[in-house]
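What follows is a set of notes on a single structure, which appears directly below.
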There are 2 protein chains.
Amino acid sequence: MALTEVSSNKSFGGFQKVFSHDSKELGCNMKFGVYLPPQAEENKKLPVIYWLSGLECSEANFIQKAGAQRYAAEHGVIIVNPDTSPRSLNIPGDSEAWDFGVGAGFYVNATQEPWKKNYRMYSYVTEELPAVVAKNFGVAEGKQSIMGHSMGGHGALICALKNPGMYKSVSAFAPICNPCQCPWGEKAFNGYLGPREGGDWASWDATELVQKYNGPPLELLIDQGLEDNFLKQNQLLPENLIKACKAAGVPAILKKRDGYNHSYFYIASFIGEHLEYHVKHLK
Amino acid sequence: MALTEVSSNKSFGGFQKVFSHDSKELGCNMKFGVYLPPQAEENKKLPVIYWLSGLECSEANFIQKAGAQRYAAEHGVIIVNPDTSPRSLNIPGDSEAWDFGVGAGFYVNATQEPWKKNYRMYSYVTEELPAVVAKNFGVAEGKQSIMGHSMGGHGALICALKNPGMYKSVSAFAPICNPCQCPWGEKAFNGYLGPREGGDWASWDATELVQKYNGPPLELLIDQGLEDNFLKQNQLLPENLIKACKAAGVPAILKKRDGYNHSYFYIASFIGEHLEYHVKHLK
């Protein structure tokens, strides 16, 4: 679990770093970002918030475009953001589409050949990476939350719903809320999990999982821009998730943002609000 | 002077837009960014701040990485950021080096072949672009300031010093303060302006210009990260500019930032402070 520091840039009094390490779950070298706020220098144990990115992203997009460092420095929280899939494996078919394979791990554990050995982003994000983080940085035990965007919003929601109590809070920007019912999800789940019948798709879908949620009180914060083309193309389906939350008695907040699209300009506009929300639950 | 809208993204209640137009000064199609804060919708006339980028940048870097939109929205100012050189001209030799030609216009008006017809970034930035902006956006007459980074910090300083009274304030992140005395500047000036003897280099160098400044009171705000490799390599030479300012009686502030390098992580950390400084002078 040795880490290699890839880059380190002072940012808002703390440091935005990128590390690489050999991942056991994924069978390849992986990069991830860590923002260490100024408070980390005082040897304090700090809360950690995970950010999961969307299709085609690496760890770099969030680091460069979201502007989260300012707020993390203000609140004294660590932000960790992994890559979106295994890299450099050259599995046949892993680079033929932008929405499957490299850059598109969908935060599941694949069950199908040739993916099942390496495409284990769910275990990587919920087990291996937190262990690496706990070993290498001053994180406060049990104080973690999770958030993400688009495919990563789906990832954040399923990580929280499948692990009651593990995260103090969860939020998602323009998440893929019901992958079993949208083209992106159907393609990915077919590939990674096999055909719908018998593929256990429901255990990787927030709208399905929320119906069976049984754990400490958990509120879902869903954020959605109303000029988002993928919303209009029915890839995101927040209404399905909100309906399922209501039926299941799981509280959910849906923030609708007039005029905003699917981009990091949208994320940057509201990341401060989300971090404030998580900090409220973490402190 | 017709503008084509290349992109528009809602950001902090306003819009981050990119436009293209055919530039007469540069003889090519150029892109530039405009952030219109929410106050622009009320048909108010707003102050405008120009941002000039550094070597290798296009208009995109500042827009995506500096996080300036948040502060511009708070203060109700427009930010305009041009590209760093003419594009797509395919002048022999314009793409052989990262520090000369494309992406490296140095904000001068070239006098040498084959550059003098198109490499006129100084006139573009101080005359043509402000006219385009005044014609197309609700800017308050006479309320403009200028800032930049590295090569663009040099650009901001010479634009302000060569045009007394045109800008209400000027600031620069890690500027090339004395291009006549550093390798980047010597290479660019040799190419665009001809040999040092007879090339009138001094009229494009902030440290030289400040010695002859004769106009309304102007303060130079210089910002410099102390872990900046280009500072260590003597490309930036802020001490030369500060010394010249002292000798000339031109007030200058040098903000030294411990631990910060030359990157946009550094710029993002202090862009809010710079915008506040400009707004104080503009309002």
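Position A:LYS117: other-copy label points at 5.9 nm, ordered by increasing distance, label point 7 Å along Cα→C-beta. Annotation: Cα Rg of region A:147-260 relative to the compact-globule expectation 2.2 N^0.38 Å equals 1.00. Residue by residue along A:55-66, Cβ atoms of other protein chains within 10 Å of the local Cβ number 1 on average. Computed over neighbours whose Cβ is under 14 Å from that of A:VAL102, the net charge equals -4, Lys and Arg +1, Asp and Glu -1. Residues whose amide H lies under 5 Å from that of A:SER169, counting only those 5 or more places away or on a different chain, are A:ILE146; hydrogens are built 1.01 Å from N in the peptide plane. The value of relative contact order for region B:50-104, using C-alpha pairs under 8 Å at least six residues apart, is 47 percent.
Mean per-residue shielding of peptide A:5-18 is 4, counting Cβ atoms of other chains within 10 Å of each Cβ.
Under the definition of partner shielding as Cβ atoms of other protein chains within 10 Å of a residue Cβ, what is the mean value for peptide B:260-272?
The mean count of partner-chain Cβ atoms within 10 Å per residue comes to 4.
On the beta carbon distance between B:GLU56 and A:ALA248, with R0 = 56 Å, the FRET formula returns roughly 0.60.
Provide the per residue accessible area, probe 1.4 Å, for chain B, rounded to a whole number of square angstrom.
Values: 10840 Å² over 283 residues.
Per-residue accessible area for chain B comes out at 38 Å².
Sorted from closest to farthest, the other copies place their A:PRO195 label points 8.1 nm away, with each point set 7 Å from Cα along Cα→Cβ. In the protein assembly as shown, the portion of solvent-accessible area held by carbon and sulfur atoms comes to 48 percent [1.4 Å probe, whole percent, DNA, RNA and ligands not counted].
Can you give me the relative contact order of region B:1-43 as a percent, contacts being Cα pairs under 8 Å and 6 or more apart? Please report the intermediate quantities before stating the final value.
Values: 72 pairs, mean separation 15.1, N = 43.
Contact order relative to length: 35 percent.
When the square roots of the Cα gyration tensor eigenvalues are ordered a ≥ b ≥ c, the ratio a/c for the protein assembly as shown is 1.5 or more and a/b exceeds b/c, which makes its shape prolate. Sorted shortest first, the distances from the A:ASN43 label point to those of the same residue in the other copies are 6.4 nm; each point sits 7 Å from Cα along Cα-to-Cβ.
On the rotation that sends chain B to chain A, the chain B Cβ lying closest to the axis gives residue and distance in whole Å as B:GLY67, 2.
With a 1.4 angstrom probe, the accessible area lost at the B-A interface totals about 1900 Å².
Would you calculate a helix-derived [θ] at 222 nm for chain A, using -39,500 (n - 2.57) for each DSSP H run of n ≥ 4 and dividing by the full residue count, to the nearest 500? Intermediate values should be presented prior to the final figure.
Working: 9 runs with 82 residues, N = 283.
Theoretical 222 nm ellipticity from helices: -8000 deg cm²/dmol.
For region A:143-283, lysine pairs separated by 8 or more sequence positions, or belonging to different chains, with Cα-Cα distances below 17 Å total 13.
The values are calculated or read from the model by the stated rules, or taken from the named source; none is laboratory data. Because the structure is predicted, anything quoted here is derived from the model rather than measured. For neighbour counting, all protein chains shown are included, and Cβ atoms are generated from backbone atoms with ideal geometry for every residue, glycine included. Just so you know, the surface numbers come from the protein's heavy atoms only, side chains and all, with ligands and any DNA or RNA stripped out. Shrake-Rupley method; radii C 1.70, N 1.55, O 1.52, S 1.80 Å.
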